[in-house]
1. Suppose we keep only residues that are of a type in the set (Ser, Thr, Tyr) and within 27 Å of residue 782 (Cβ to Cβ) within the range 130-153. Which one would you say is nearest to the chain's Cα centre (by Cα)?
2. Look through the range 853-869, keep the residues that are out of contact with any Gly (no Cβ under 8 Å at 6 or more places or on another chain) and open to solvent by less than 50 Å² (accessible area, probe 1.4 Å), and return whichever of them is farthest from residue 759 (Cα to Cα).
3. Against the condition buried (at least 16 other Cβ atoms within 10 Å of the Cβ), within 30 Å of the chain's Cα centre (by Cα), within 26 Å of residue 171 (Cβ to Cβ) and in contact (Cβ under 8 Å) with a residue 12 or more places away in the chain, how does residue 876 come out, does it pass?
4. So which of 161, 166 ends up being under 20 Å from residue 761 (Cα atoms) and in a loop (DSSP other than H, G, I, E, B)?
5. I'm checking my understanding of the structure. Among residues of the range 460-505 that are of a type in the set (Ser, Thr, Tyr) and free of Cβ contacts under 8 Å to residues at least 12 places away in the same chain, which one is surrounded by the most Cβ atoms within 10 Å (Cβ to Cβ)?
6. So for the range 331-346 (the condition being farther than 30 Å from residue 411 by Cβ and either of a type outside the set (Phe, Trp, Tyr) or in a loop (DSSP other than H, G, I, E, B) (or both)), does at least one residue qualify?
Amino acid sequence: MPSLPESKFIIKSADYRLKWFIILTLLLIPIELLSQTTGKLSGRITDESGEPLVGANVVIIGTTQGAATDLEGYYSILNLRAGSYNVRFGYIGYQAKVIESIKINSDQTTKIDVKLQIMVIEGEEVTITAERPLVEFNQTSSVASISKEEINLLPVQDLNQIVNLQAGVVDGHFRGGRIGEVQYQVDGVTVNNPFNNSSTLLLDKSVLQEVQVISGTFDAKYGQAMSGVVNAVLRSGSDKFEFSGEIYGGDYIPFDDKRYPNNKDINPITTHNLQLTISGPTYLPQTTFLLSGRRYFSNGWLYGQRRFVPTDKYDVDNMIFSPTGDNEIVPMSTTREWSGQFKVTNASLSRVQLSYQAILNRIESKYYNFSLRLNPDGVKPNNTNSLTHGIDLTQTISNEMFYKISVRQNYFDYKSYMYESVFDPRYLDAGEFKSEANYEDGAVVQGVDLGRYLQKTNSFVAKGDFTWQLNRNNMIELGLEGQISEISFGSPGFISTTNIAGTRVLVAKDQPEKLEDPRVETYHPKQFAFYLQDRIEMGDLVVRAGVRLEHYDANAFIPDDLQNPANAISGAPSSELKKTTIKFAVAPRLGFSFPLTDRASIYFAYGHFYQMPGLADLYSNSNYLILKDLQDGGISYGTMGNPDLKPQLTVQYEVGLKQALSQMLGYELTFFYKDIRDLLGSEFISTYAAADYPRLTNVDFGSVYGVTIAFTQRAFGPLNTSLDYTMQFARGNSSDPYETANRAASGKDSRPRDISFGWDQRHTINATATWIVPGDYSMSAILRFGSGMPYTPAIGTGFNADLETNSGSKNGFVLIDLRAEKSFSLGILEMSTFVRLTNLLNSHFVNGFIFSETGSPDYSVNPIADRTMLANPGRFHEPRKVELGISFRSK
């Protein structure tokens, strides 16, 4: 049987990739589509008696966008970027009206109906401030839109913190789904890494214009997601020169030496942040720019002591240690982050807007390793470089029609190793980790981390959206999206051990010599999609109906007979390589919202949502030739990857009620159900020689059902509050794709069962409160409560000591974060000083490690056996942190 293809057989050249990328882009240009960064303003203009005013003018102040009313007084303005606008409504002979601070949200319709009075005094106009409605009649699912003004008031710093505050979201899990089931977008274009379906970017709040979080069903324009969508709309430049920035520093102050040792001293720059944004016009016609940069530095809260250095040696036989470290207390969970955004926008061509945007992240971090607490220099660094950049072209064909083309490159480069070259002599000088169980509970006293790993993804994304307001009631949206990627992962050289004259010796190798040797694999998957959607708006009745077609090509090879995958079984049928099949999926989506009264509406949504598993699960350990020595009861080769996986499917149902209880208070009640099928899991393949091996495939399943209720209070004087509660039940046959295989390897029953998922947090509460006096001061607070996730209790230790999987519940937790800010004016600057406290109560446990015999992180029934873990501060949650800072912006 031929060997599985090496990289040279499956890697396309750079020229070949570029050719297909250009072809795909050209194909998309004629039929571009609606971006998920813009919204729509519509309504009706009448006189005081309710008669329509035909030809009344609606103008978005400060822009060239506007519309005129039709024969029945209706108007609509498309392609409004998310934000706040002042709008002028006028008609000859009538008093003009200006409505300020109208909020436009991404992919939503804002309705503003206006009555104009006959003009009494020439040139007279009325100015009023818009109030955001408590009940959004035009939403057909659970959607949260958070503006930059709201974000700036809260004690949050990045996108992930904002997302985790939304109803139905628990630590990155959307309504009970697995991690990696969410589509992250920047300005309507994916930034997910197809290797593991996570975002390639970390976004600071300083670059955010609006964040839209869809935690339930979503429209056909969104794909490659089963649980939710996060769309971050980034800031753009304006015609006015502006600048802003933020400087802050702080430290962790737990006042708890037992759980958090070496945190007695207060250093105000343990964590610090420097951020600056400049925007404005350029010297080119109708061209604006925005440039933002950030440097973030944190030493973390976990420390070690440099008693040893990696090259120290000790006499194993005589237990003689010779430490040469300086005994300095050093941080062991550090983060160094540099990030930036650059955007330039040109609107010099009539009805055409062209922009280029680049977002860059560079992160250097170290992960805490308690065993290296006395040899902290043996911890390897982790370096991440990510870049998302590309061009967006938007052309307005008419007042009823526009299209947008986006072409992006998403580049992600992760490296985790001590030294760049595998032949670096410092590897061999230090050697592998060495420790003595009877010395400092097995702390490592010699060596460096010899592990070497990289993961690189280079994706090209082309996306086109076309939007057509066919008539007053129907807005048609259609689009194409394509992504081709080069994905590399594995070990760039490795260090192995061998025996020479009875002595264990380390040997560095930059190329694999055997099939089972570590190596870097490279693959070229392709994904394409088409969608068609109709947004029907008939008065207050809103219907969103659409369908999405998905195309997946893993572009790899697998053996055609899994019972003899390596052709190593004598006399058995031979196995040949075959190319993986192309997968197709048809995903219908439907949602509607209908008013019950002028203060209440109901909505219902249904859809099929497909997503390919992270490509790490397709390609990792997928060289079946390593099974050549597989025997019954012999060596375990781990769970084999499967490049021929098909998309996972979640069928979602959602029904909700929105109601304004008063002029100041409203609520949204939502019931949801998710039927999860073809989820990634493990199956066992029997060979002709009666040997079994596990393999990933679409065998797992699950279901989630629950209810959320969210209360919103409109600003009452300076006070604004919100409260949401989620109760959910998330169950299935396994929480992890490898769980079935791991249970079998441990001699446990691996048959399917119905258990709680490991992230099934039954009760979740999020509450926020802000008190703001504009131009003077503001205060805000976030309270989060969780009832605790499941765990598997145990009685004693050893084989079969575990009780039923996930039958216990961890302790609940409460987290409180605060922020206070004082504003003042200084010449050309608007400045403020602020203080932020996170984890005010110093809660030390939030769904973290526990001892299975006690259900507690603090004590064990076997303190002698568990003494190492009892001394490990890494098992506790991040402690209290206090930060002080200054922010400024131009007037």
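The values are calculated or read from the model by the stated rules, or taken from the named source; none is laboratory data. Computed from a predicted model, the values in this text were never measured in an experiment. A quick note on method: Cβ atoms are made from the backbone with ideal geometry, for glycine too, and the neighbour counts reach across all protein chains shown. The protein model used for the area step is the full one, side chains on, heavy atoms only, and it has no ligands, DNA or RNA in it. Shrake-Rupley method; radii C 1.70, N 1.55, O 1.52, S 1.80 Å.
1. 145
2. Within the range 853-869, the match that is farthest from residue 759 (Cα to Cα) is 866.
3. yes
4. Unique residue meeting the criteria: 166.
5. Selected residue: 498.
6. The answer is no; no qualifying residue exists.
Residue by residue, here is whether (1) within 29 Å of the chain's Cα centre (by Cα); (2) of a type outside the set (Phe, Trp, Tyr) holds:
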site: 340; (1), (2): yes, yes
site: 352; (1), (2): no, yes
site: 357; (1), (2): yes, yes
site: 361; (1), (2): yes, yes
site: 364; (1), (2): yes, yes
site: 384; (1), (2): yes, yes
site: 393; (1), (2): yes, yes
site: 411; (1), (2): yes, no
site: 420; (1), (2): no, yes
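So that you can scan it fast, the table gives a plain yes or no per residue for (1) open to solvent by less than 20 Å² (accessible area, probe 1.4 Å); (2) in contact (Cβ under 8 Å) with a residue 24 or more places away in the chain; (3) out of contact with any strand residue (DSSP E or B) (no Cβ under 7 Å at 6 or more places or on another chain); (4) under 30 Å from residue 487 (Cβ atoms):
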{"residue": "533", "(1), (2), (3), (4)": "yes, yes, no, no"}
{"residue": "537", "(1), (2), (3), (4)": "no, yes, no, no"}
{"residue": "550", "(1), (2), (3), (4)": "yes, yes, no, yes"}
{"residue": "557", "(1), (2), (3), (4)": "no, yes, no, yes"}
{"residue": "572", "(1), (2), (3), (4)": "no, yes, yes, no"}
